[in-house]
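Student: Pasting a structure here, questions to come.
Values quoted throughout were computed directly from the atomic coordinates according to the rules given, and no laboratory measurement underlies them. Predicted, not measured: the structure shown is a model, and the values here were computed from it. As a convention, Cβ positions derive from the backbone with ideal geometry for all residues, glycine included, and neighbour counts pool all protein chains shown.
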Amino acid sequence: MHKKRGRRKGEKGRTAMSCSSSDLAPLLGGGMNGSAAADYICNQLSDAGHAIDTTYLLFSTYLVFAMQLGFAMLCAGSVRAKNTMNIMLTNVLDAAAGGLFYYLFGFAFAFGKPSNGFIGTRFFALKGVPDPSFDYSNFLFQWSFAIAVAGITSGSIAERTQFAAYLIYSSFLTGFVYPIVSHWFWSADGWAAAGRNAGESLLFDSGVIDFAGSGVVHLVGGVGGLWGALIEGPRVGRFDHAGRSVALRGHSATLVVLGTFLLWFGWYGFNPGSFAVILKAYGPSGSSQGQWSAVGRTAVTTTLAGCTAALTTLFGKRLQTGHWKVADVCNGLLGGFAAITAGCSVVEPWAAIICGFVSAWVLIGLNHLAAALQFDDPLEAAQLHGGCGAWGIIFTALFATERYVNEVYPGRAVRPYGLLMGGGGRLLAAHLVEILVIAGWVSATMGPLFYAMHKLGLLRISADEEMAGMDLTRHGGFAYVYHDEEPKPATALSLKYSTTRVEPLLQKPVDVEFS
């Protein structure tokens, strides 16, 4: 019994357990009974293999979907209390609207086959699924990635965007923009995919190794958020008349930390789960080396990159500001995760530490640049996901090892690997192309969409509504209720207490913190 190799993101790709009845029958005594027994055993093993891999993929899907709760908590804690209900609702609708549009169009554009190198042409509304390449579990896994992209973009335009605009851009992003990119780099028919169909040429004889989506997911979401935030402009009060940055801090560090840990937890489905299958050996029958080992290594590299980025950000910001800031550390951690996502399966653990260290400084540097250019992104999503995602693509092209590349992307006699690992510059060239085409595609699609909504008055709320808070003006009330609906009439004593306490506070000058 042996297992064939071969894995493509989003496809079953499993080498389905292959059992030869002709080899097994003699061991069972030969004859017709032996052949029948061998056929039966091989069929049972094949069914069990499919069941194990499907269970693994579904479990990974559930972890990735749990990241939506992480996004919701992180976003809620990072905005002011008066906008909590709004940002929570947008996160819910990212999943809901994304689910419908990815079902109708997105999955077909991404993985519908047979197709051309640019766009998929089959599986609209899941017609034709399941087939030998895809089952329902594959659709669900890919949907969980699509809605993550929408969640990234929503953070960049938080606290000032009309609710209708969220629905429009989220549907367009998950139903068309993101699926095209995932087709290019993850589909077996994609023009730049490292796992392209056998016999078809690879980009620079290499293809793009973006294993779990530093570019396909994070750079797409980051560039989309960049255009949204640029076209909307900064929040009221974010920069003073002299152009100095004024800190508009989120209202709950508790929710930020909770969201960060939920995202960390979900990343173990995001990165290791991108193998799609686990029951696959890398050597002869009985070998201890297989996809299960690669899954564990991928979880380790993911962990080390995030931990290193968190610690680097902690001390880096301490040197700059003199404070230990939990929100900055959480963002640094997530930046490390976004960066390692491309190369998590093909690099050594020590290289992941380098990835996390550099990603922290990329995020810190881009945040300083954003403040200097008066660019306002409440969640730092464009800098974190876009900037660190781009670094992760370059990092993979520098540090991917020959052995792991050939294990994860088998079937090619000579495949380029990391430049600094002796593999030449072809992989780096392919990855630079990836960064350019993603930035160009998202800019050419999401930029005009945000601009059109801006011109039609559908994008930004009024300044008065923004000052009052979107929860009150758009959603009928605040997320936090501090008193009953019908408070008791104030007594003379309470009025005296309140005026003597409040009036001096109103007369005092208010300190404004600059960052």
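Student: Provide the gained length on full extension for the span PHE261 to LEU104, in nm with one decimal, where the gain is 0.36 nm per separating residue minus the Cα-Cα distance.
Tutor: 53.3 nm
Student: Spin-label point model (7 Å from Cα, Cβ direction): what's the GLU402 to ALA96 distance in nm?
Tutor: 5.4 nm
Student: By average Cβ neighbour count within 10 Å, what is the ranking of 310-316, 369-375 from highest down?
Tutor: Result, highest mean Cβ count within 10 Å first: 310-316, 369-375.
Student: Under the rule of at least 5 residues apart or a separate chain, name every residue whose amide H is placed under 5 Å from the amide H of TYR409.
Tutor: Correct list: empty.
Student: Please state the shape class of the stretch 223-299: rounded when a/c is under 1.5, otherwise prolate if a/b exceeds b/c and oblate if not, all from the C-alpha gyration tensor.
Tutor: Here the stretch 223-299 falls in the prolate category.
Student: Using a/c under 1.5 as the rounded threshold, could you call the stretch 196-265 rounded, prolate or oblate? The axes a ≥ b ≥ c are square roots of the C-alpha gyration tensor eigenvalues, and prolate needs a/b larger than b/c, oblate otherwise.
Tutor: Because a/c hits 1.5 or more and a/b fails to exceed b/c, the stretch 196-265 counts as oblate.
Student: Over what distance in Å are the Cα centres of the stretch 174-194 and the stretch 51-68 separated?
Tutor: If we compute the Cα centre of each part, the gap is 21 Å.
Student: Report, by chain and number, residues whose modeled amide H sits under 5 Å from the one on GLY290, excluding near sequence neighbours (fewer than 5 apart, same chain).
Tutor: Here TYR282 satisfy the definition.
Student: Using θ = phi - 60° and the Karplus relation 6.51 cos²θ - 1.76 cosθ + 1.60, list the HN-Hα couplings for the stretch 257-263 in order, rounded to whole Hz, with x at every Gly or Pro.
Tutor: 3J(HN,Hα) across the stretch 257-263, in whole Hz: 5, 4, x, 5, 5, 5, 5.
Student: Once you have a ≥ b ≥ c as the square roots of the Cα gyration tensor eigenvalues for the stretch 336-403, tell me rounded if a/c is under 1.5, and otherwise prolate or oblate according to whether a/b is larger than b/c.
Tutor: It is prolate, given that a/c is not under 1.5 and a/b is the larger ratio.
Student: Now a separate question. Skipping prolines and chain starts, which residues have an amide H placed within reach, meaning under 5 Å, of the one on THR161, given they are 5 or more residues away or on another chain?
Tutor: So THR161 has HN proximity to ILE461.
Student: Starting at the first residue of the stretch 341-348, write each ³J(HN,Hα) from the Karplus equation 6.51 cos²θ - 1.76 cosθ + 1.60 with θ = phi - 60°, in whole Hz, x for Gly and Pro.
Tutor: Working through the residues one at a time gives 4, 6, x, 4, 8, 10, 10, 6 Hz.
Student: Between THR473 and GLU200, what length comes free when the chain is fully extended (0.36 nm per residue of separation minus the Cα-Cα distance, one decimal in nm)?
Tutor: 92.7 nm
Student: Round to a whole angstrom and tell me the spacing of the C-alpha centers of the stretch 76-108 and the stretch 365-423.
Tutor: Cα centroid to Cα centroid, the span is 27 Å.
Student: Here is a further query. Between ALA452 and ASN116, what is the spin-label point distance in nm, taking each point 7 Å from the Cα along the Cα→C-beta axis?
Tutor: Reported label-point gap for ALA452 and ASN116 is 2.2 nm.
Student: Sort 456-462, 381-387 by packing, meaning the average of other beta carbons within 10 Å per residue, with the highest value first.
Tutor: The packing order, highest mean first, is 381-387, 456-462.
Student: Starting from 0.36 nm per residue, how many nanometres of slack lie between LYS127 and PHE163 once their C-alpha separation is accounted for?
Tutor: 9.8 nm
Student: Moving on to the next point. In sequence order, what are the phi-derived ³J(HN,Hα) couplings for the stretch 356-370 according to the Karplus relation 6.51 cos²θ - 1.76 cosθ + 1.60 with θ = phi - 60°, rounded to whole Hz, with x for glycine and proline?
Tutor: Karplus-based 3J(HN,Hα) across the stretch 356-370 equals x, 4, 5, 4, 4, 6, 4, 5, 4, x, 5, 5, 5, 5, 4 Hz.
Student: Tell me the trypsin sites (Lys or Arg not before Pro) within the stretch 82-179 that lie in a loop according to DSSP and have at most 12 other beta-carbon atoms within 10 Å.
Tutor: Qualifying residues, ordered by number: LYS127.
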